[in-house]
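*Asks:* The structure is given below, and queries will be raised subsequently.
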Amino acid sequence: MSDKQSEHPIRDGLVHAYDRMLERVRHAVEVAEEKTGPTLEHAIEDARHKAVELGEATREEAHEVAEYIRRDLHDIGDYLNESSRDFRTWFRMDLQLIEARILDLLSSIADRTRVELAELEARARAVGVWHTGEVAAPGVLACKQCGTELHFTESGRIPPCPKCHGTEYRRARD
């Protein structure tokens with residue numbers, strides 16, 4: 001096996017909840033642009049409550065998904081603060097491979113909340129570990145044990161490392 005693996009994320013109810021909650025966060029951020037609206041944190045919490053209210057996820061699942069969204073958005077904020085690159089380079093893969101809807105959601109949130117994400121940089125540093133079984137946004141994760149890369153073209157559950165069966169990952173950087 002090579003160091004670069006092309007993996008398809010596992011799709012399930014939590015992945016669907018992640019995508020729906022991300023859509024709600026984007027909508028709240030767009031509304032906030034027009035008037036003084038909720039912060040990113042409030043938008044995530046509102047999306048979490050709505051997922052429970054609509055029966056898309058249990059309270060526990062919605063809490064878990066909200067943490068995944070926070071982690072991914074904070075990591076984007078960290079990346080933007082550390083580099084002078086465009087947000088889209090965060091994915092480290094051909095953008096044509098990433099589901100257009102998810103790319104649009106993440107880029108919209110990142111572009112509109114850049115200042116707020118910058119303020120969350122310190123929190124992002126503590127969030128920099130992804131684990132097997134968690135849901136992650138599209139992009140490249142590298143196994144902390146052996147460095148094998150998993151390429152996510154859409155949101156999905158993180159599998160064990162196909163090379164060493166490790167369970168901890170970090171966001172791959174150039």
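*Asks:* Treat each spin label as a single point 7 Å out from the Cα along the C-beta direction, and report the Thr132 to Asp12 distance in nm.
*Replies:* Reported label-point gap for Thr132 and Asp12 is 1.3 nm.
*Asks:* Right, something else. Provide the gained length on full extension for the span Glu67 to Cys164, in nm with one decimal, where the gain is 0.36 nm per separating residue minus the Cα-Cα distance.
*Replies:* 32.3 nm
*Asks:* Further question on the same structure: With a cut-off of 19 Å, note down the residues of the stretch 150-174 whose backbone N falls inside the zone around a label point 7 Å from the Cα of Lys144 toward its beta carbon.
*Replies:* 150-151, 157-174
Rule-based calculations on the coordinates, nothing more; no lab input. These numbers come from a predicted model, not from an experiment. Here the Cβ is made from the backbone with ideal geometry for all residues, glycine too, and neighbour counts use every protein chain on show.
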